[in-house]
1. Checking the table LYS57/LYS149; LYS106/LYS153; LYS57/LYS172; LYS149/LYS177; LYS57/LYS153; LYS146/LYS177 against a 24 Å threshold on Cα-Cα, which pairs fail?
2. As a test, work out the antiparallel percent of DSSP beta bridges whose residues both lie in region 95-180, rounded to the nearest 5.
3. Please report the base-10 log of the normalised intensity I(q)/I(0) for region 95-180, using a Debye sum with one equal scatterer per alpha carbon and no solvent, at each q in 0.16, 0.19, 0.20, 0.25 (1/Å).
4. Which of the aspartates and glutamates could a cross-linker span from LYS55 if the Cα-Cα distance has to be under 13 Å and same-chain partners fewer than 8 positions apart are dropped?
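A short reminder: the numbers here are calculations on the coordinates, not readings from a lab. All values derive from a computational prediction rather than experimental measurement.
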Amino acid sequence: MRTLKLTCKMCRREGVSLCGRDKCALKRRPFPPGVHGATARPARQTEYGKQLREKQKAKRIYGVSERQFRNYFEKALKMRGDSGENLVRLLETRLDNTVFRAGLAKSRPAARQAVSHAHIEVDGQRVNVPSYQVRPGEIIRVREIKRGKGSWKTLADAPKVEAPSWVAPSLKDLEAKVTSLPAGEELKQLFSPKLIIEFYSR
């Protein structure tokens with residue numbers, strides 16, 4: 001499945017730092033990309049335009065394709081509870097995102113690559129599917145055979161990251177346990193799930 005590469009041009013297009021990089025280009029050039037970006041008048045957004053932009057933000061943050069995102073929407077509708085919260089919960093509990101949230105990778109693209117290259121196992125089983133949905137109680141670990149390679153060698157000495165409450169990481173052991181599902185304030189993102197649900201429900 002083809003995934004999207006997140007660039008700072010996308011951050012400038014959406015007007016918010018989606019990449020999370022300290023040197024995001026949006027901080028230096030807080031206007032849309034293009035030759036007229038700095039001088040162009042802000043376009044008047046329709047309700048549809050607002051909904052579309054929120055969808056694009058979410059897709060770009062998590063690096064999923066339109067088809068994948070549509071599937072998440074349809075699955076969220078079938079689940080109990082608030083559809084918007086369900087959508088965010090499905091995106092957050094992707095394996096690649098969980099690896100990133102636990103601090104086992106510096107970015108979501110790096111986490112996705114680690115999973116795709118079979119560096120990660122879940123409960124002792126190798127998993128190379130970034131969209132794998134993690135569940136409470138599962139333990140995500142860097143495979144023993146991969147630990148002496150690349151960035152894994154120095155990760156244990158990296159500064160401790162602030163992981164969300166639903167993940168309990170141990171960088172020393174290169175592993176993390178999923179303790180629960182994301183809830184409450186941890187479901188708040190840079191995009192509006194409500195507008196995304198409205199976009200697909202038209």
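1. Working: LYS57/LYS149 33 Å; LYS106/LYS153 14 Å; LYS57/LYS172 33 Å; LYS149/LYS177 22 Å; LYS57/LYS153 33 Å; LYS146/LYS177 19 Å.
From the list (LYS57/LYS149; LYS106/LYS153; LYS57/LYS172; LYS149/LYS177; LYS57/LYS153; LYS146/LYS177), the Cα-Cα distance tops 24 Å for LYS57/LYS149; LYS57/LYS172; LYS57/LYS153.
2. Values: 12 of 12 bridges.
Of those bridges, close to 100 percent are antiparallel.
3. Here the Debye-derived log intensity ratios amount to -0.50, -0.73, -0.82, -1.38.
4. Hits, sequence-local ones excluded: GLU14, GLU47, GLU66, GLU198.
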